[in-house]
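Engineer: Take a look at this one; I'll ask things after.
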Amino acid sequence: MSQLEKQKSNNYILVKSNHPKSRNGKYYEHILVVEKHLKRILKDNETVHHINEIKNDNRIENLFVCSRSQHDKAHGMKTVSQYRLFPHWISKQCTKCHKTFWAAPYVINKRTRCSVNCKPIKVDKTCVWCDTIFTVPLHSYSKWVFCSKLCKRKAKNDKRLKVDDGK
């Protein structure tokens, strides 16, 4: 296909085509490349993802077919349509899984992780009696103040610390 027959739309390449879904005789090149490779037309719930996220890199090894929800997750968003609605959103890298996620400018500095599922399930805490560092489940972080029952007993007997029913 010559350069004259190609046209860009939002950095995607449009080419002349008589595809059933084409508009004004033009259709997305990356979809045509995948459909030619699969020897079938994409289903309504399928979309094409550019692995390196370069919209005009339409080599077959850079493209894969996925569902719309998988495509949205690949971009680190609940829905890619959110990004189309909010083009001012900023990307950031998750500190745990290193995926890219998007958020509004006023929220992006508060977030360090891409999702709730990316939070650590265990955290370190320091025993109030012996200063030993121990690991506790995140959901019960506030309950734990002692590393062991022995430290809790010693603190209760010493009476310098006010001990409640913490573990």
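The values are calculated or read from the model by the stated rules, or taken from the named source; none is laboratory data. Keep in mind that this is a model prediction, so the values were computed, not measured. Glycine gets a Cβ as well: all are built from the backbone with ideal geometry, and neighbour counts include every protein chain shown.
Engineer: Go through (1) out of contact with any Leu (no Cβ under 9 Å at 6 or more places or on another chain); (2) assigned to a loop (DSSP other than H, G, I, E, B) one by one and return the number of the condition His19 breaks.
Structural biologist: If we test His19 against (1) out of contact with any Leu (no Cβ under 9 Å at 6 or more places or on another chain); (2) assigned to a loop (DSSP other than H, G, I, E, B), just (1) comes out false.
Conditions (1) surrounded by 15 or more Cβ atoms within 10 Å (Cβ to Cβ); (2) modelled with pLDDT of 75 or more; (3) not acidic (Asp, Glu), marked per residue:
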position: Ile31; (1), (2), (3): yes, yes, yes
position: Asn52; (1), (2), (3): no, yes, yes
position: Ser67; (1), (2), (3): no, yes, yes
position: Lys73; (1), (2), (3): yes, no, yes
